[in-house]
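Q: Below: one structure in structure tokens.
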Amino acid sequence: MVSKKVNKCSFCGRTDREVQLMINGIDGCICSDCVAQAKDLVDQTLKRPSPLALNKLPKPAEIKAYLDNYVIGQDDAKKTLSVAVYNHYKRLQHPEVEDDVELEKSNIIMVGSTGTGKTLLARTIAKLLVVPFTIVDATVLTEAGYVGEDVESLLARLLQEADYDVKKAEQGIVFIDEIDKIARKGDNPSITRDVSGEGVQQGLLKLLEGSVVNVPPQGGRKHPEQKFIQVNTKNILFICGGAFDGIEKRIAQRLNTHVVGFDAARNVAKIDQSNMMQYIAPMDLKSFGLIPEIIGRLPILTHLEPLDRTALRRILTEPKNSIIKQYIRLFALDGVKLTFQEEVLDYVVDKAVEFKLGARGLRSLVETIMVDPMFDIPSQHVDSYEVTLDYARQQVEKANLYVLKEQTADK
């Protein structure tokens, strides 16, 4: 009796009796499980964005035009960011030193009230350039040896975004949010350690200026036995952002000290009291609590304008990722045409201005209005749905948002 030939997978070695399907080739076989794994690997490889080609670096005007699709207003900040990012990656194109002129990187600090678009600007630029990008909250950082995260965790997250490709990570962007929260707690040095303020600033110095840092890939405190990865921060662009709540008073005090002489009244009239942030200077950051060494390593200082009613109205509908377009798309996936009355959009903007919530408040308000339709409509057989002003007002009032208004006013 002739026994049946047993086929083995050329990849995993299992026989055709151990798998659901065995595909025979000329000189080998492959099982259905290995085919599925190979397909996943191919999909991940092809979908993964290619690293930034420095010879195809977009010009500053092209970077700003791309930002205009996602961020409304903030032209000054967008120009400053576009030039800084362009010069930074142009510097990577020419690493060699010519004529004894060495190009240094220019880290950026953005100052603006909450909801003005600081994080969105940094994220959008990273999306355009297709480079590793990570956002880190400075409030969780503490000086080494204390409860919290070490400053090296910034680079650990960047490594994760780069799939632990060190060379790729060394061309990435790190956005440090809430940089104002690590300001020095007092103007005078104290005998007690400021482990989450000045201590963190001291730890950030070596990262910002450019040095080789030993990075624990899994977190230094939870896995002390792991091997360190050396990362050179010389070509990593650091973008810092913070609201710096209350810095307007320091700016006003500084401007008043310069107003002396017979033209004092005239100079005071020239100052725009409604937008003091436009007059910000490095000395204001120092008086707020940032140490001079940190300010020196963040040479590019830009501010974001407070969002007025017109800007908020545009943010609601114009960007590619606007909240209204997102909801229309979500309903369209269920075969429902969603429309909003113009009065509803104006009402949402008015409430956002009233509560002083910025652009983030727009999403919160629309979420409050749309939670019930999002729950009910998918179960109903309807082709269209219109959000009316009466319904929007009813939903907002039902949510007791006046409590939020009172909390915002206290701040």
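The values are calculated or read from the model by the stated rules, or taken from the named source; none is laboratory data. All values derive from a computational prediction rather than experimental measurement. Cβ atoms come from the backbone with ideal geometry, glycine included; neighbour counts cover every protein chain shown. Just so you know, the surface numbers come from the protein's heavy atoms only, side chains and all, with ligands and any DNA or RNA stripped out. Shrake-Rupley method; radii C 1.70, N 1.55, O 1.52, S 1.80 Å.
Q: Which of the residues that make up segment 288-306 are of a type in the set (G, A, S) and without any contact (Cβ under 8 Å) to a residue 60 or more places away in the chain? Lay out the reasoning, then the answer.
A: Applying the first criterion (of a type in the set (G, A, S)) to segment 288-306 yields 289, 296.
Answer for segment 288-306, where residues must be of a type in the set (G, A, S) and without any contact (Cβ under 8 Å) to a residue 60 or more places away in the chain: just G296.
The rows are residues; the columns are (1) more than 24 Å from G112 (Cβ to Cβ); (2) in contact with a strand residue (DSSP E or B) (Cβ under 6 Å, 6 or more places away or on another chain); (3) surrounded by fewer than 19 Cβ atoms within 10 Å (Cβ to Cβ).
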| position | (1), (2), (3) |
| --- | --- |
| G296 | no, no, yes |
| T302 | no, yes, no |
| L307 | no, no, no |
| L338 | yes, yes, no |
| Q341 | yes, no, yes |
| G358 | no, no, no |
| V366 | no, no, no |
| Y385 | yes, yes, yes |
| D390 | yes, no, yes |
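Q: Something else now. Of the residues in segment 186-226, how many are in a loop (DSSP other than H, G, I, E, B) and modelled with pLDDT under 80? Steps first, please.
A: Filtering segment 186-226 for residues in a loop (DSSP other than H, G, I, E, B) gives 186-197, 210-211, 216-226.
Imposing the further condition that a residue be modelled with pLDDT under 80 reduces the set to 186-197, 216-226.
The total comes to 23.
Q: Let me ask another. Kindly check whether there is at least one residue in segment 372-391 that is modelled with pLDDT under 90, in a helix (DSSP H, G or I), within 33 Å of the chain's Cα centre (by Cα) and of a type in the set (D, E).
A: no
Q: Across segment 269-295, what is the total count of residues that are in a helix (DSSP H, G or I) and either on the phi > 0 side of the Ramachandran plot or among the aliphatic types (A, V, I, L, M) (or both)? Spell out how you get there, then give the answer.
A: Filtering segment 269-295 down to residues in a helix (DSSP H, G or I) leaves 269-270, 276-279, 282-288, 292-295.
Restricting the remaining residues to those that are either on the phi > 0 side of the Ramachandran plot or among the aliphatic types (A, V, I, L, M) (or both) gives 269, 276-277, 283, 285, 294-295.
The number of residues fulfilling the criteria is 7.
Q: Among the residues of segment 309-336, which ones are open to solvent by 10 Å² or more (accessible area, probe 1.4 Å) and either part of a loop (DSSP other than H, G, I, E, B) or among the basic types (K, R) (or both)?
A: R309, R313, R314, E318, K320, N321, K325, R329, D334, G335
Q: Tell me yes or no: at least one residue of segment 119-130 is of a type in the set (G, A, S), under 30 Å from E248 (Cβ atoms), modelled with pLDDT of 80 or more and open to solvent by 30 Å² or more (accessible area, probe 1.4 Å). Step through it out loud before you land on a result.
A: The first filter runs over segment 119-130 and keeps only residues of a type in the set (G, A, S), leaving 122, 126.
Next cut, under 30 Å from E248 (Cβ atoms) only: 122, 126.
Subset that is modelled with pLDDT of 80 or more: 122, 126.
Narrowing further to those that are open to solvent by 30 Å² or more (accessible area, probe 1.4 Å): none.
No, segment 119-130 contains no residue that is of a type in the set (G, A, S), under 30 Å from E248 (Cβ atoms), modelled with pLDDT of 80 or more and open to solvent by 30 Å² or more (accessible area, probe 1.4 Å).
Q: Can you go through D27, D43 and tell me which one is at pLDDT below 90, open to solvent by 40 Å² or more (accessible area, probe 1.4 Å) and in a loop (DSSP other than H, G, I, E, B)? So that I can check it myself, show each step before the final result.
A: Details: D43 fails: in a loop (DSSP other than H, G, I, E, B).
Going through D27, D43 in turn, the sole match is D27.
Q: Say whether the condition of being among the hydrophobic types (A, V, I, L, M, F, W, C) and either buried (at least 18 other Cβ atoms within 10 Å of the Cβ) or at pLDDT 85 or above (or both) is met by at least one residue in segment 270-278. Outline the logic, then answer.
A: Step one: filter segment 270-278 for residues among the hydrophobic types (A, V, I, L, M, F, W, C), giving 271, 276-277.
In the following step, the residues that additionally are either buried (at least 18 other Cβ atoms within 10 Å of the Cβ) or at pLDDT 85 or above (or both) were identified as 276-277.
Within segment 270-278, one or more residues are among the hydrophobic types (A, V, I, L, M, F, W, C) and either buried (at least 18 other Cβ atoms within 10 Å of the Cβ) or at pLDDT 85 or above (or both).
Q: Okay, moving on. Taking segment 323-364 as the region of interest, how many residues are farther than 28 Å from H381 by Cβ and without any contact (Cβ under 8 Å) to a residue 24 or more places away in the chain?
A: 1
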